[in-house]
Amino acid sequence: MKDCIFCKIVRGEIPCYKIYEDENVLAFLDIENDVYGHTLVVPKKHCTNILDAEDETLAQVMKAVQKIAKHFVDDCGFDGVHTFNNNGEVAGQSVMHLHFHIKPRKTNDGIKSEFSNPKVEASLEEICEKLKLKEEKRECQGECDKQTVGNVVLYTDGACSGNPGLGGWAAIMQSSGKTKKLSGGEENTTNNRMELMGVISGLEAIKKPCKVDIYSDSAYVVNAFLQNWIEGWLAKGWKGSTGKDVLNIELWKRLLQAMKPHKVAWHKVKGHADNELNNECDALARAEIDKLRL
Ligand code: AMP
Ligand code: ZN
């Protein structure tokens, strides 16, 4: 949704104090700052409220609400949390993008009710630094020893008109509320090469060692890592199961090189579905093909 304020936050067009993020959900501090740690949990895919939300979206959001609530209680010294949501203008919903509020509570914190509290003294920046879920708490994928200084969400896609034919690739990166978009095109290429180029170009553009969550709809690229094909290729000198050379060896080598400084986690997303950033990557990659046709 173009003008929805929470969609703009999800796309990184409006900054936020991020508490948690995964493929489908973003959680950030409520700008109101009326209760220390007041957090909003929103689906990345737009829907108005629980009345029009799909089952899957509700499940993803509630799972994140629980994860953040547990983090507040288990790791941050709170004793409990309010979780609530407003649906419809009449019920006090002011932003028409589904969101759950989490308000952390401590015994004797002096908060009289969950509504209308004076502003908290600490700034949102300080609160965020204290309460955000640290990335190290997520699955390590066997790369725990790498030291990283930031977190990047990287969406990539590749497209081809004809196989081989005119191709385009795109990468969208989000880090600390900022978004960077890259894209390029090549003649006489393949869809798989473009999928690889999207990831390679995104990773090569990250200047410092980071924890990078890569989201791609390419089974070819993602399964090479999630199903350990790459280890087999390396062990057999870049030969596939039939004994022939693996295709696109030079790109796979370039990808491994680009991954080296980072702690990478791979995520397979469904292509041409409702994932906004995946769809935007697809559009950028296709636009590159159109440029080549001119
Ligand atoms: P509701 O009244 O349940 O619709 O909640 C909407 C919440 O969104 C309010 O508590 C607002 O303070 C909060 N809000 C509005 N704009 C922003 C923003 N840019 N960043 C963070 N929170 C916001
Ligand atoms: Zn929205």
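Read-outs: derived from the displayed coordinates by stated rules, not from any lab. Computed from a predicted structure; not experimentally measured. Neighbour counts are summed over all protein chains in view; Cβ atoms, including those assigned to glycine, are modelled from backbone coordinates with ideal geometry.
Only sites in a loop by DSSP and with at most 16 other Cβ atoms within 10 Å count here; which trypsin sites (Lys or Arg not before Pro) in the stretch 177-235 make the cut? Spell out each step's value before the answer.
Numbers: sites: LYS178, LYS180, LYS181, ARG193, LYS207, LYS211; in loops: LYS207.
For trypsin sites (Lys or Arg not before Pro) across the stretch 177-235 that sit outside H, G, I, E and B with at most 16 neighbouring Cβ atoms in 10 Å, the list reads LYS207.
Can you run phi through the Karplus equation (6.51, -1.76, 1.60; θ = phi - 60°) for the stretch 51-66 and list ³J(HN,Hα) in whole Hz, with x for Gly and Pro?
6, 10, 6, 7, 3, 4, 4, 4, 5, 5, 5, 5, 5, 5, 4, 5
Roughly how compact is the stretch 5-133, stated as its Cα Rg over 2.2 N^0.38 Å to two decimals? Before the final figure, lay out each step's value.
Details: Rg = 13.9 Å, N = 129, 2.2 N^0.38 = 13.9 Å.
With N residues counted in the stretch 5-133, Rg over 2.2 N^0.38 Å equals 1.00.
Measuring from centroid to centroid over Cα atoms, what is the spacing of the stretch 227-242 and the stretch 37-74 in Å?
Each part's Cα centre sits 40 Å from the other's.
Can you pull the one-decimal nm distance between simple spin-label points at ASP245 and ASP55, each 7 Å off the Cα toward Cβ?
Using points 7 Å along Cα→Cβ, the separation is 4.9 nm.
Compare the peptides 226-236, 163-173 by average per-residue count of other Cβ atoms within 10 angstrom and give them in order, highest first. The partial results should precede the final answer.
Numbers: 226-236: 13.5, 163-173: 23.0.
Ranking the peptides 226-236, 163-173 by packing returns 163-173, 226-236.
For a quick check: with amide H placed at 1.01 Å from N, whose amide H comes under 5 Å from LEU26's, ignoring anything fewer than 5 positions away on the same chain?
VAL42, LYS44
Each residue of the stretch 192-204 in turn: what ³J(HN,Hα) in whole Hz from Karplus with 6.51, -1.76, 1.60 and θ = phi - 60°, glycine and Pro shown as x?
Couplings: 4, 5, 5, 4, 5, 5, x, 5, 4, 5, x, 4, 5 Hz.
Two decimals, Cα atoms only, Kirkwood Rh: what is Rg/Rh over the chain? Write out the running numbers ahead of the final one.
Details: Rg = 21.4 Å, Rh = 20.8 Å.
My calculation puts Rg/Rh at 1.03.
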